[in-house]
Each structure stands twice: as structure tokens, then as C-alpha cells.
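Structure record follows, encoded as C-alpha cells.
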Amino acid sequence: MWLLISLHIYELVQSATMPNLLNLNVGVLGHVDSGKTSLSKALSTIASTAAFDKNPQSQERGITIDLGFSSLCVDPPDCLKSNCDQLQFTFVDCPGHASLVRTIIGGAQIIDIMVLVLDITKGMQTQTAECLIIGEITSEKMVIVLNKIDLLPPAKQTATIEKMKKKMQLTLKNTKFADAPIVCTAAKPGGPESSPSTEPLGVQELIDTLKKLAYRPNRKISAPFVFSIDHCFSIRGQGTVMTGTILQGSVNINDMVEIPSLRITKKVKSMQMFHRPVERAVEGDRLGICVTQFDPKLLERGIGCSPGYVPIINAAILPVQRIAHFRHKICTRSKFHISLGHETVMAQVSFFRELKEDASDGTSFNFEIEYEYVEELTSEEASVASSKEENRENVAKPKLKIYALLEFEYPIPAVPGSLVIGSRLDGDIYANVCRLAFWGRLVHSIEDKDYHTTVLPKLQVYKNKQKSGVIERVSDETEVIGRNMLKKESNVQVFVGLKVKLSTGEDGVIDGSFGQSGKVKIRIPGIVLIYLLYVFSTI
């Protein structure tokens, strides 16, 4: 008993003396075999239970196939010393293989700063470009790392580095990362067979660069708790540990946490941040949460949250932006892979646009107004990552929002306001093409499985169709008779109330049918009738 009490007191003292720590999540992204994992190892002092290719398949294949996490603590820069005593970088090592882009997307949504790693001997590759696009969507700050400089011939090293720097500056010129710093490294000089004692090159410069970019993110600590779970495992005698990153809110020991995909709620027994016991954690923190009586085999990755906060949805509505580098058509009624958090599911997509500028605030959806049907999401409609610098401001914020209705193949948990990326992941993974098509943030989630009959009828989307005809004669002082607009068998009642535009520019309204031959009665303003009477009298 004395031992247990002493241990508990030690943990409380340790927790109480922990420094005021600011955690920033640094995403390490790039093409496969660019040296991301070696760089993460060189940067880190503490590895989590899921780090550095610990997955047996990773070691067998020699590539990272899952997210890895590690950390480094440094003294904060002068601009942050008033806010924290210690700055912690949590490195999120993302896989680089083309087939694992959905894992990359899931990992990228938790990062504060992005590190884009290039093999300097190969330069920009297909997945490097896709990671850059993901960075534009998810991150505000980025560092370019030109890795493997030790493989360059000594006589050409300086010239090659300068050439690659200029090429990257040109590539980034029309992106939000135009001023991103570029650092040269050799994370593992000599390659896999080199001596473990071999010192990496350029790592301290990279750490100094990250410190210069460090900032205090706007954390939503008072919001409901949301936890992005990336690994789940059991510890004998303790319980089941869920590791992940807090996306918003905070959590304390003894809080209740729901796993919405399983409809299970568990009490937090204990928590750790990189092997340090903690009593409380907030948005941005990398955390391990221990619960009891939960089978880890039920959950590989997913969402934990405050009970009742995250719904299971069957469809969703969101304003979308087209990714300019996607070269295929994006048409209504087509199917795309939709990545939402760690979930990737097929969904049918339908597009429609606002009719008035600023008709909605972008954070909610208005069912009370009309929208216009959009057959295809084109670059002119809405886009991001434009190649034209002068159009970037207009492109990034289209005046008339384009919305997408997503109808999922099966229900998924969806955090309110979460990031959504639409892509085509079923093509040739070795083709030199961008697979990311569009993106946006949820503004309306649809939980009802019968939404086709309960929700969609409220959605006022109309499709422009044009029919032309001629005015046969003036019927009386308030209407004219039109012909050749409708067929004899047409149901005229369907068209009653629709507007008619005259060749002279004035507007009229279909009032009803005239006879049985498809002719219609059109009501128009009196001033137009006077003009028409004059025209008919002069014929």
C-alpha cells in the first residue's frame, strides 16, 4: 500500500512540475524514399509507441506504410517565451507511396507546420506535388528540405544545390509558400549501410528554421473534445491505449470519451504525452489515453469525442473549391473518393451554386434560398492552387459559392466543420497526374438514412432549360398567345408561373394553356402590350 501511495505522489509531483509546454505538430511529407523517416529520426529525441517504421510490414518492405510520431523539445524563441517555458515539436512522419495517399491526407489534417522533403538527386516527383497541394489546403507554414546532399559529387554539390533551390523557388512562386525557407540536409550520410555513429548534416539548421517559424496557433480549447486516433493497442494490467492528436477542446482524467463509429463510451483512466503522465491535455497535444474493458482490435483508427458531439452521417453539403492541377472532368452524379479525417469512402457528388454574392456566411447552409444546378465543376467555377498569381485572391474565394452534395456509400462519423478532400484514387498510381480533385469544409451533415425523402426535397436547386417560340397574337390587354414553345402532349401546368423573356428584352410569365395544341397564355406588362399592338398593326 505504501508503495502505491508513494508512486501516486511521485506522479502528481512530476505532473505539477512539468513546464508550460507548447506543442506544434510538424508534418514530414514527400515522395517515397526521399528520406522522411531518416530525417524524423535525426530530428527527434523521443519516439512514441508508433514511430520509425515499427510496423513489421514497414521493416519488411523498407518503406513507411503508416503514420509515425516522435518529438523534440527545445527552448522557445523570444517571440514565444512569454507564452511557454518549453517548445515541443511533434513530428508526424507520413508515408510517401502513391497507394497510401489517404493515410497522408489523414495525417496532414493535424499539422501546424509542414516539412516537404525532396531527394535532391531526383527533385519534384508526382507525390511531392500532391503533398504540396495537401499542404496548401491544410497548412499555413512550410519548410522545403533538400535531402541526400551527400550523394552529390563534391565538385558539383554547390552548383546543384543552387540550381535546385532556384527551381523550387520558381515552383512555389504562385503558391502561398512563395517565401518558404529551403534547408539542405543529409539525414543519413552514406545511406542505410552507414555507421550508426555517422552524424547527419544540416539538422541543426532545420531545427533553427522550425524555431523561427514557430507560433502559437489559435487553439479552440473551449470547444467540444475531438481526438484523432491513429493507433490502438493493449497493455497488460493497464487497459487499452488509444494514441492520437487532439483536434479541438481538452480532456481530463475521468472524463467520458465516446467512439462514435462503435457507439461506445469509456472513462479516461490515465493519460501520457510521450511517456510523461499528465492530468490534462488540450488541442494540438499528442496524447495516449488509457481506458479499460475495450478490445483494441475493434478500432484501428478513428475519432474519439465528447459524448454525442460527432454524428454518423449518410450525406453532407459543403462549399467546394476545385484543385487546378486535376486534369479530368468533375461532373455532377460522378463518384469520387472522399477523405474525411481518417475515413475515405466513395460518394456520389452533385454540384449547385448560389445565385447571389454572400448569400450565406460559409459556416452554415441555407435551405430557404434557391440554388442553380451545376453540371460540371470547372476551373472558372471554383479553384485553388492556380497557376496565375494575379488571379489567386479571386480564385481562392469565389464570389458565388459552389456547393457539393455528397451521398456516401455507407455511413461515416463526421466532425462538424471538418476538412473534406475529394480525389480519384483508382487510377494508375505510377501515372504522372494529380489525383486530388476538390476540397472544402462541412457546413451541413445529414444523419437521416431516409434523407432522399426527408431532406433533399427541401433543397431548392433548379436547372436552367431553354425553350423558344413565337407570339402568335395579342389576346387582350393583359396577355398574348405563344406557340412552338411546348409540344402538343406537354403538361402545360408544369410550366405555369415560369418566366418568359421576349426578344425585345421584357419579361413575361406563363399563365396557362390555350387550346389543345401546346399553345400558352403569357401575361406581360401593359406597356409591352401597347408596343406589341403597334407592331401588329403595322404588319
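The values are calculated or read from the model by the stated rules, or taken from the named source; none is laboratory data. Everything numeric in this text was worked out from a predicted model, so none of it was measured. Reconstructed Cβ throughout: ideal geometry from the backbone, glycine too, with neighbour counts over all protein chains shown. Note: accessible area is taken over every heavy atom of the protein model, side chains too, but ligands, DNA and RNA are not part of it. Shrake-Rupley method; radii C 1.70, N 1.55, O 1.52, S 1.80 Å.
Of note:
- All conditions in (1) surrounded by fewer than 19 Cβ atoms within 10 Å (Cβ to Cβ); (2) more than 24 Å from ILE246 (Cα to Cα); (3) touching an Asp or Glu at 6+ places or on another chain (Cβ under 7 Å) hold for ILE330, with the sole exception of (1).
- Just one of (1) surrounded by 22 or more Cβ atoms within 10 Å (Cβ to Cβ); (2) free of Cβ contacts under 8 Å to residues at least 60 places away in the same chain fails for ASP230. It is (2).
- Meets criteria (over 23 Å from PHE274 (Cα atoms) and free of Cβ contacts under 8 Å to residues at least 24 places away in the same chain) for LYS212: no
- Any hit, region 341-358, residues being free of Cβ contacts under 8 Å to residues at least 60 places away in the same chain, closer than 27 Å to SER139 by Cα and out of contact with any strand residue (DSSP E or B) (no Cβ under 6 Å at 6 or more places or on another chain): yes
- When region 444-471 is filtered for residues that are under 22 Å from the mean Cα position of the chain (by Cα) and either open to solvent by 30 Å² or more (accessible area, probe 1.4 Å) or modelled with pLDDT under 85 (or both), the ones remaining, listed by number, are HIS444, SER445, GLU447.
- Among (1) of a type in the set (A, V, I, L, M, F, W, C); (2) within 21 Å of the chain's Cα centre (by Cα); (3) open to solvent by 30 Å² or more (accessible area, probe 1.4 Å) - the single one ILE137 does not satisfy: (3)
- Residues in region 111-154 that are among the charged types (D, E, K, R) and not in a loop (DSSP other than H, G, I, E, B): ASP119, GLU130, GLU136, LYS141, ASP150.
- Of the residues contained in region 482-490, one or more are found to be surrounded by 14 or more Cβ atoms within 10 Å (Cβ to Cβ), in a strand (DSSP E or B), in contact with an Asp or Glu (Cβ under 7 Å, 6 or more places away or on another chain) and not hydroxyl-bearing (Ser, Thr, Tyr).
- Positions within region 419-443 being polar (S, T, N, Q) and modelled with pLDDT of 90 or more, in sequence order: SER423
- Which listed residue is open to solvent by 10 Å² or more (accessible area, probe 1.4 Å), at pLDDT below 95 and not acidic (Asp, Glu), from LEU298, LEU287: LEU298
- Summed over region 333-344, residues that are in a loop (DSSP other than H, G, I, E, B) and either of a type in the set (A, V, I, L, M) or open to solvent by less than 30 Å² (accessible area, probe 1.4 Å) (or both) total 1.
- Whichever residue in region 398-418 is charged (D, E, K, R) and open to solvent by less than 70 Å² (accessible area, probe 1.4 Å) and, among such residues, is modelled with the highest pLDDT: GLU407
- Taken as a whole, the structure places GLY237 among residues that are among the small types (Gly, Ala, Ser), modelled with pLDDT under 95 and part of a loop (DSSP other than H, G, I, E, B).
- Condition check for GLN109: open to solvent by 40 Å² or more (accessible area, probe 1.4 Å) and within 27 Å of LEU340 (Cα to Cα): yes
- Only residues that are out of contact with any helix residue (DSSP H, G or I) (no Cβ under 7 Å at 6 or more places or on another chain), open to solvent by 10 Å² or more (accessible area, probe 1.4 Å) and in a strand (DSSP E or B) were counted in region 303-326, giving 5.
- Count of region 420-466 residues which are hydrophobic (A, V, I, L, M, F, W, C) and in contact with a strand residue (DSSP E or B) (Cβ under 6 Å, 6 or more places away or on another chain): 12
- Screening SER99 on (1) open to solvent by 40 Å² or more (accessible area, probe 1.4 Å); (2) at pLDDT 90 or above shows it passes everything except condition (2).
- Subset of region 208-224 (residues that are more than 22 Å from the chain's Cα centre (by Cα) and surrounded by fewer than 16 Cβ atoms within 10 Å (Cβ to Cβ)): ASP208, LYS212, SER222
- Contact annotation: residue pairs with Cβ atoms under 8 Å, 6 or more positions apart or on different chains, pairing a residue in region 69-93 that is hydroxyl-bearing (Ser, Thr, Tyr) with a partner that is outside any loop (DSSP other than H, G, I, E, B) and open to solvent by 40 Å² or more (accessible area, probe 1.4 Å), are SER70/LYS41; SER70/ILE46; SER71/ILE46.
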